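J.: Below is the structure I would like to discuss, written out as structure tokens.
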Amino acid sequence: MTAERTKSLWRGALTIVAVLAIYQAAARSGHFAPALMPPLGVVASTLADSALDGSMFVHAAATLYRVLCGFALAIFTGLPLGVLMGRFRPVENFVLPLASALMPIPSLAWIPVFILWFGLGNTVTILIVFYAALFPLLLNTWSGVRAVNPIWLRAAGAMGATEHALFWKVIIPGASPFIITGLRQSFLRAWVAVIGAEMLAASNFGLGWVIFDAKEFLNADVMLASLVVIGFIGFITERLIFGSLERATIYRWGMARAAKS
Amino acid sequence: MHDVAEVSDFAVTTRTADGPLRRAARNAFPFIVVGALWETVAHAGLFPARFFPPLETIAATFARLTVSGVLPHHALDTIVRLIAGFALAAVFGVAIGVMMGRSRRAEDILLPLVSIGAPIPGLAYAPLFLLWFGPGNVSAVALVAFVSAFPIIYNSWTGVKAVKDIWVRSAHAMGADDRRLFRHVIVPGALPYILTGLRLGLAQAWRILVGIEMLAAVPWGLGWLIFGAQEFLNTDVMLAGIVVIALIGLTLEKLVFQRLEQFTVVRWGMLTS
């Protein structure tokens, strides 16, 4: 088994090296313009330069600020609204048709409208992120609250739980696998939306803007360097933050099976 | 688009059986409220009518653009791009995923590439594709295909891996050759996962396509229509475009995703019994 694993790792590493080597060979061969296909050394030094002079951190911080603001807004709206929808039929009857009509519209379609309404800048990007992140969270919270086993509710009621205790001790933990799935999907959507919004609602800062701006000047090395940073941040949030969130909550509570999506 | 956790099927709907008329009224009510609010704000003159057109203006624009054939042309181009990109993604995605599931070597070689490429948001690749393939249709379709291939590859791979070993061995023992094994054991066993992958891939393709159309400077397409209307402050055209986008999205959701899901769930039921 371990021998098999080592062999797999070995082959995986070999593939990555091979792909990089092929890219490097193509870049060096002179068949392609170096502006379009810079050699790896150039990409690495661009990345190092932008990290050393701090500009990459400024852009990454701007992107993170926007994504976190929009995501936080989505949490503050989506979670309570989802819970209300799950608990009260009239709220569900009112919100669900609207949500089903708005959900199939990709968030990026709103960018030009929002630019007209709010002007270029952070507001548009944050609102687009909010729109993208809201619906997965809302619908998952709603399903989660509805999926809470009615026996638990009745048992807690029979044992004299107040409405308050019922909410915090039964409904929220019971719905948590759905809520965490929703948070994860929301963040993924938000991460895609923020890059797109930064490209279209250009505001001089942010990783999406850097990539898009680099295209104008044919700086493929800047584009590839920013792609590395974007991939890195996406990977970190997905694996470390949401992975540990799942381990700390639903795995510990023995609900891991329900959390698979 | 449809991303509620898989488990949501257990959330049994216990609706009281209403008449269809009552249900229609209940579903229409929130739209009437929002529509009335919109009208009030639009007519109150808080914002210039240019930026916040009343509903009748949007409806008139919608009708005008539909009759003149502009809107259908844009919509058709968008749909063709969606289908072209998704078809490419489906063919290559399923092929690569199944290959990765069947052969240890293919898995070792391809998995690192897939796991590096997947977490990067699709639109981040857009400028690179535009630089390499030039603006226009080729870039747009290639990017849609590239981006929507990831969930398809991933799910096909998982599906083939999930085919029970004992089925493969018993088929072997009963003398099935590789082709029969593939057609009669592996493909049916992996199908629920593959369908889930296709559903996710199509949803992803749809979400990304509008953004790409704005960036890739294609001559026709709903994304381009909306983005171009911004230059001339034609909010009514933009909102009419969004209505068409919503209609296409809803159709995809109702006709494709829900069908596929029902089919998948049925297969699931069959498999677990």
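Each row is one residue, and each column tells you yes or no for (1) touching a Lys or Arg at 6+ places or on another chain (Cβ under 8 Å); (2) closer than 30 Å to B:Val141 by Cα.
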{"residue": "B:Ala42", "(1), (2)": "no, no"}
{"residue": "B:Ala49", "(1), (2)": "no, no"}
{"residue": "B:Ala60", "(1), (2)": "no, no"}
{"residue": "B:Ala63", "(1), (2)": "no, yes"}
{"residue": "B:Leu76", "(1), (2)": "no, yes"}
{"residue": "B:Arg81", "(1), (2)": "no, yes"}
{"residue": "B:Gly101", "(1), (2)": "yes, yes"}
{"residue": "B:Ile120", "(1), (2)": "no, yes"}
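J.: Would you mention how many residues in segment A:1-41 are farther than 19 Å from B:Ile116 by Cβ, of a type in the set (A, V, I, L, M, F, W, C) and either within 11 Å of another protein chain (Cβ to nearest Cβ) or surrounded by 13 or more Cβ atoms within 10 Å (Cβ to Cβ) (or both)?
T.: Residues flagged as farther than 19 Å from B:Ile116 by Cβ, of a type in the set (A, V, I, L, M, F, W, C) and either within 11 Å of another protein chain (Cβ to nearest Cβ) or surrounded by 13 or more Cβ atoms within 10 Å (Cβ to Cβ) (or both) within segment A:1-41 amount to 4.
J.: Looking at (1) within 11 Å of chain A (Cβ to nearest Cβ); (2) modelled with pLDDT of 85 or more; (3) over 28 Å from A:Ala33 (Cβ atoms), find the lone condition where B:Tyr125 falls short.
T.: Just one mismatch for B:Tyr125, condition (3).
J.: Just checking, which of B:Val141, B:Val160 is within 22 Å of B:Pro219 (Cβ to Cβ) and among the aliphatic types (A, V, I, L, M)?
T.: B:Val141
J.: Then there's this: Report, ordered by the first and then the second residue, all pairs with beta carbons closer than 6 Å, sequence separation of six or more or different chains, a first member in segment B:88-116 that is under 18 Å from A:Ala13 (Cβ atoms), and a second member that is among the polar types (S, T, N, Q).
T.: Every condition considered, the pairs that remain are B:Asp108/A:Ser8; B:Ile109/A:Thr15; B:Pro112/A:Thr15.
J.: Considering each of B:Val144, B:Val114 in turn, give the residue that is in a helix (DSSP H, G or I) and surrounded by fewer than 23 Cβ atoms within 10 Å (Cβ to Cβ).
T.: From the options B:Val144, B:Val114, the qualifying one is B:Val114.
J.: If A:Phe212 passes every condition in (1) at the interface with chain B (Cβ under 7 Å from one of its Cβ atoms); (2) surrounded by fewer than 20 Cβ atoms within 10 Å (Cβ to Cβ) but one, which one does it miss?
T.: Of everything listed in (1) at the interface with chain B (Cβ under 7 Å from one of its Cβ atoms); (2) surrounded by fewer than 20 Cβ atoms within 10 Å (Cβ to Cβ), A:Phe212 misses just condition (2).
J.: Just to be sure, is B:Ala240 over 17 Å from the mean Cα position of the chain (by Cα) and at pLDDT 85 or above?
T.: Yes.
J.: Restricting to segment A:144-185, what's the tally of residues that are of a type outside the set (A, V, I, L, M, F, W, C), under 20 Å from A:Glu246 (Cβ atoms) and either without any contact (Cβ under 8 Å) to a residue 40 or more places away in the chain or assigned to a loop (DSSP other than H, G, I, E, B) (or both)?
T.: Final tally of qualifying residues: 1.
J.: Kindly provide the set of residues from segment B:180-229 that are among the hydroxyl-bearing types (Ser, Thr, Tyr) and within 12 Å of another protein chain (Cβ to nearest Cβ), ordered by number.
T.: B:Thr196, the sole residue that qualifies.
J.: While we're here: I need a count of the residues in segment B:72-106 that are among the polar types (S, T, N, Q) and in a helix (DSSP H, G or I).
T.: 1
J.: For segment B:199-225, give me each residue that is more than 9 Å from the chain's Cα centre (by Cα) and either surrounded by fewer than 24 Cβ atoms within 10 Å (Cβ to Cβ) or more than 18 Å from B:Ala124 (Cα to Cα) (or both).
T.: Passing the criteria: B:Ala217, B:Val218, B:Pro219, B:Trp220, B:Gly221, B:Leu222, B:Trp224, B:Leu225.
J.: Still on this structure, please answer the following. Name the one entry in A:Gly30, A:Gly70 that is farther than 21 Å from B:Tyr125 by Cβ, in a loop (DSSP other than H, G, I, E, B) and not polar (S, T, N, Q).
T.: A:Gly30
J.: A further question follows. Please determine, by comparing only the residues of segment A:215-227 that are in contact (Cβ under 8 Å) with a residue 12 or more places away in the chain and more than 9 Å from chain B (Cβ to nearest Cβ), which one is surrounded by the fewest Cβ atoms within 10 Å (Cβ to Cβ).
T.: Going through the qualifying residues, I end up with A:Asn219.
J.: Something else about it: For segment A:193-208, how many residues meet the condition of being assigned to a helix (DSSP H, G or I) and closer than 13 Å to A:Ile111 by Cβ?
T.: 9
The values are calculated or read from the model by the stated rules, or taken from the named source; none is laboratory data. Note that the structure is predicted; figures quoted are calculated from it, not measured. Positions of Cβ are backbone-derived with ideal geometry, glycine not excepted, and every protein chain shown enters the neighbour counts.
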